[in-house]
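Participant: One structure, as structure tokens, below. Some questions next.
The values are calculated or read from the model by the stated rules, or taken from the named source; none is laboratory data. What you are looking at is a predicted structure, and each value in this text was computed from that prediction instead of being measured. FYI the Cβ positions are ideal-geometry reconstructions off the backbone, even for glycines, and counts take in every protein chain you see. Surface accessibility is based on the protein's heavy atoms, side chains included, excluding ligands, DNA and RNA. Shrake-Rupley method; radii C 1.70, N 1.55, O 1.52, S 1.80 Å.
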Amino acid sequence: MQFQQLQYFVAVAETRHFTRAADLVHVAQPSLSQQIKALERELGADLFLRARGNITLTDAGEALLPLARRILADADTARHEVQELAQLRSGRVRLGATPSLCTGLLPDVLRAFHDRYPGIRLLIEEGGSHDLVRGLARGALDLALVVLPLPTPSPALTTVELLREDLVVVSSPEAPAPGGGGRRNTVRVADLEGERLVMFRHGYDLRELTVAACRAEGFEPDFAVEGGEMDAVLGFVRAGLGVAVVPRMVAARSGPGLRVTPLAPPGLERTIALAHRSDVAPPRAARELQRMLLER
């Protein structure tokens, strides 16, 4: 049974005339009649009683008609939904990102994407790069913003460098400036020795980067509080519990109540990349978000 045969059958059933039905579906009348006969042979029953000037449905035709209409309607719905998705009027994008990027980089880009494609649902998953890589690998994410180098290199992923971002030190304006302050407008990583740090939870890329930088300067960081997410860390710093090393974009969006001190050259930076599976092309909507991120 062919989809086209059902179209022809419904047209004849509705017009009760083979020639008018052929005009309706834009096919020659002999071709339409041949397809109707082929459908009847396959079903093993006549669908129409044919008398000159009088076409009526048989019992088999009456039984098939509502089913055929439903099949055609479902096909039309499927076609419409696929076209909607192809034209970015509906669908979803599953995007993973580290919490600091959700705070710093993503709000402006996601707002622009939503303004352009309001029918696309944005599903955001926050996590460390390791968790996001696993989410990509199991197909739970379409795209992910990760910090390079990846914790475990994955040949199954394609990564494109998106940006390099400086890290800065944030502290409470009510507390002494980090590193002793004085006339300097910057602070060195070595100056953080002796400072109480507000530190992110394990698995946070910024935690690993900060601890590694301190150890490279020959000291172990002293934690005043540890285990928080980005918002909690900034809140603890505002409360004067210690200082923290955070991305510049996060510091710029953090609002009042924080002192921001750049790190002296060579400073610290992190590389952000956009990742997706190499063996599966991202959906159309995800590719459009990828383009906007790369062109931001």
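Participant: Right, residue 125: touching a Leu at 6+ places or on another chain (Cβ under 7 Å), modelled with pLDDT of 90 or more and either open to solvent by 70 Å² or more (accessible area, probe 1.4 Å) or acidic (Asp, Glu) (or both) or not?
Facilitator: Values: touching a Leu at 6+ places or on another chain (Cβ under 7 Å): yes; modelled with pLDDT of 90 or more: yes; either open to solvent by 70 Å² or more (accessible area, probe 1.4 Å) or acidic (Asp, Glu) (or both): yes.
Yes: the conditions hold for residue 125.
Participant: Next up: Suppose we filter the stretch 13-35 for residues that are within 21 Å of residue 71 (Cα to Cα), surrounded by 13 or more Cβ atoms within 10 Å (Cβ to Cβ) and within 47 Å of the chain's Cα centre (by Cα); how many remain?
Facilitator: Matching residues across the stretch 13-35 total 9.
Participant: For residues that are open to solvent by less than 30 Å² (accessible area, probe 1.4 Å), modelled with pLDDT of 90 or more and not hydrophobic (A, V, I, L, M, F, W, C), tally how many sit in the stretch 134-163.
Facilitator: The number of residues fulfilling the criteria is 2.
Participant: I'd like the full set of residues that are over 31 Å from the mean Cα position of the chain (by Cα), in contact (Cβ under 8 Å) with a residue 40 or more places away in the chain and farther than 14 Å from residue 175 by Cβ, limited to the stretch 218-264.
Facilitator: 262, 263, 264
Participant: Could you run through the stretch 225-237 and say how many residues are open to solvent by 40 Å² or more (accessible area, probe 1.4 Å) and among the small types (Gly, Ala, Ser)?
Facilitator: 1
Participant: Quickly run through the stretch 238-269 and pick out the residues that are open to solvent by less than 20 Å² (accessible area, probe 1.4 Å) and in contact with a Pro (Cβ under 7 Å, 6 or more places away or on another chain).
Facilitator: Passing the criteria: 243, 261.
Participant: Looking at (1) surrounded by 14 or more Cβ atoms within 10 Å (Cβ to Cβ); (2) within 24 Å of residue 136 (Cα to Cα); (3) out of contact with any His (no Cβ under 8 Å at 6 or more places or on another chain), find the lone condition where residue 282 falls short.
Facilitator: Looking at each condition in turn, residue 282 falls short on (3).
Participant: I would also like to ask the following. Can you tell me which residue within the stretch 168-188, out of those that are modelled with pLDDT under 95 and among the hydrophobic types (A, V, I, L, M, F, W, C), is farthest from residue 258 (Cα to Cα)?
Facilitator: 187
Participant: Turning to a different aspect of this structure: Has the stretch 81-98 got at least one residue that is in contact (Cβ under 8 Å) with a residue 40 or more places away in the chain, farther than 20 Å from residue 280 by Cβ and exposed (fewer than 13 other Cβ atoms within 10 Å of the Cβ)?
Facilitator: No, that holds for no residue.
Participant: In the stretch 183-212, which residues are part of a loop (DSSP other than H, G, I, E, B) and either over 22 Å from residue 148 (Cβ atoms) or open to solvent by less than 70 Å² (accessible area, probe 1.4 Å) (or both)?
Facilitator: Filtering the stretch 183-212 down to residues part of a loop (DSSP other than H, G, I, E, B) leaves 183-186, 188, 193-195, 201-204.
Across the stretch 183-212, the qualifying residues are 183, 184, 185, 186, 188, 193, 194, 195, 201, 203, 204.
Participant: Residues of the stretch 257-280 being touching a helix residue (DSSP H, G or I) at 6+ places or on another chain (Cβ under 9 Å) and over 29 Å from residue 156 (Cβ atoms), which ones?
Facilitator: Of everything in the stretch 257-280, those that are touching a helix residue (DSSP H, G or I) at 6+ places or on another chain (Cβ under 9 Å) and over 29 Å from residue 156 (Cβ atoms) turn out to be 257, 258, 259, 260, 261, 262, 263, 264, 267, 268.
Participant: I need the full set of residues from the stretch 44-77 which are open to solvent by 70 Å² or more (accessible area, probe 1.4 Å) and in a strand (DSSP E or B), in order please.
Facilitator: Within the stretch 44-77, 49, 50, 54 meet the criteria.
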